[in-house]
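Input: a single structure, listed below in structure tokens.
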Amino acid sequence: MKKFLALLLAAILAAFGCAAVAEEEEEKVLNIFTWEGYFDETTLAQFTEETGIQINYSPFATNEEMLLRLQSNGGSEYDIIVASDYAVQSAANQGLLMELDKSLLTNWDNLNPDYLGQFFDPENTYSVPYTAGSPMIVYDPSQVEGEITSFADLWDEQFADSLWLIDDARVIIGEVLKMLGYSYNTTDEAELAEAAAKLQELKPNIRILNYDMSYNYLVAGEVKAAYLFTPYVVNALMENPNLVAVFPSEGIGFGIDSIVVPVNAPHPGNAHEFINFYLRADIAATVAEMQWYINPNQAADELIDPDYAAMSPFHIPEDLLATREYVEDLGEDASLFQNIWDEFKLS
């Protein structure tokens, strides 16, 4: 009888303990890890005001840096991460991401289905699309002879020492490969060698090679043309509406940055509350107008300024959209691209 009573008492205590844990609220903290400025301070402040959840914001410089940090701490340091598609795929494959509880994401249906079910997360098990975009050529027609329509046009002698390219191995080499008729993600040695040689031929035309958007070399007149990510192009067009922006006729690269939750996030409940907040139409509209990317939240479309929404970087022609390729996770083979890029920059 004593043994039975002891077991019964233990069971009762365990039940109360479980109930206490289940009912215990998370501390009002949310740890975010993404690029500097990728969530604007005004909207973050609104989230804190509405929920009481305080935000700690830690920036990273590259997707690769983010992955190394996740690998080192098992995803236990952060609650929310925003990263690029191939990095999301890599993190999911390594078991570093938490499956989303969509019962907590009541605004999920606000998303545009066109941005769901992509290669890096076919069932959107782990990720929520945040921004999307495709690099473009943008040029000053007053400084350029003729019309620019293709990536191959950038090799023209008129662009000697007057091009600005983003400092991104996969994107730039990927577009060179596409121009040559190959895949953005090929690992064929002969195709990569051909792309490397072609890239070297472009070097005399390149004046600026960096990511920095704080200073627009095109608007300042320091270059005649550039190949840039969506927000850089939007910024240039807002500063100088006379500039011309085109998607390269050879085909386009495309990317989606997504919100994910690390598998060992210390505040998963707060993370889901944050995601649902950003899925609201009013918040997504604010994000679209502040981040200068394509908006994946269809409920927000009608709230976005029509003149802003009409800008060319947000409207990819259907024939070119069919050519889109993402930067994919190539594992160790990604070093093939980085080696070409490092040699190109050092030579």
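The values are calculated or read from the model by the stated rules, or taken from the named source; none is laboratory data. Predicted model only: the values in this text are computed from it and were never measured. Note that we place each Cβ from the backbone using ideal geometry, even for glycine, and neighbour counts take in every protein chain shown.
Scan ALA152, ALA91 and give me the residue that is in the same structural domain as PHE274 (by TED's automatic domain parsing) and either in a helix (DSSP H, G or I) or among the β-branched types (Val, Ile, Thr) (or both).
After applying the criteria, what remains is ALA91.
Within the stretch 117-146, how many residues turn out to be in a loop (DSSP other than H, G, I, E, B), closer than 19 Å to LEU320 by Cα and either modelled with pLDDT of 95 or more or basic (Lys, Arg) (or both)?
Result for the stretch 117-146: 2.
Please verify whether the stretch 5-19 includes one or more residues that are closer than 29 Å to SER214 by Cβ, of a type in the set (Val, Ile, Thr) and either modelled with pLDDT of 90 or more or in a helix (DSSP H, G or I) (or both).
Taking the stretch 5-19 as the starting set, the residues that turn out to be closer than 29 Å to SER214 by Cβ are none.
Taking every residue of the stretch 5-19 in turn, none turns out to be closer than 29 Å to SER214 by Cβ, of a type in the set (Val, Ile, Thr) and either modelled with pLDDT of 90 or more or in a helix (DSSP H, G or I) (or both).
Anything in the stretch 104-119 that is over 17 Å from TYR293 (Cβ atoms) and buried (at least 16 other Cβ atoms within 10 Å of the Cβ)? List them, or say none.
LEU105, ASN107, TRP108
For every residue, the table says whether it meets (1) of a type outside the set (Ser, Thr, Tyr); (2) crowded, with 19+ Cβ neighbours inside 10 Å; (3) not in a loop (DSSP other than H, G, I, E, B).
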residue: LEU177; (1), (2), (3): yes, yes, yes
residue: THR186; (1), (2), (3): no, yes, no
residue: LYS198; (1), (2), (3): yes, no, yes
residue: LEU218; (1), (2), (3): yes, yes, no
residue: GLY221; (1), (2), (3): yes, no, no
residue: TYR232; (1), (2), (3): no, yes, yes
residue: MET238; (1), (2), (3): yes, no, yes
residue: SER258; (1), (2), (3): no, yes, yes
residue: PRO266; (1), (2), (3): yes, no, no
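I'd like to verify a number: residues in the stretch 50-96 that are modelled with pLDDT of 95 or more, crowded, with 16+ Cβ neighbours inside 10 Å and closer than 24 Å to GLU25 by Cβ, how many?
7
Would you mind telling me which numbered condition in (1) crowded, with 20+ Cβ neighbours inside 10 Å; (2) within 18 Å of SER258 (Cβ to Cβ); (3) of a type outside the set (A, V, I, L, M) SER162 fails?
With respect to (1) crowded, with 20+ Cβ neighbours inside 10 Å; (2) within 18 Å of SER258 (Cβ to Cβ); (3) of a type outside the set (A, V, I, L, M), SER162 is out only on (2).
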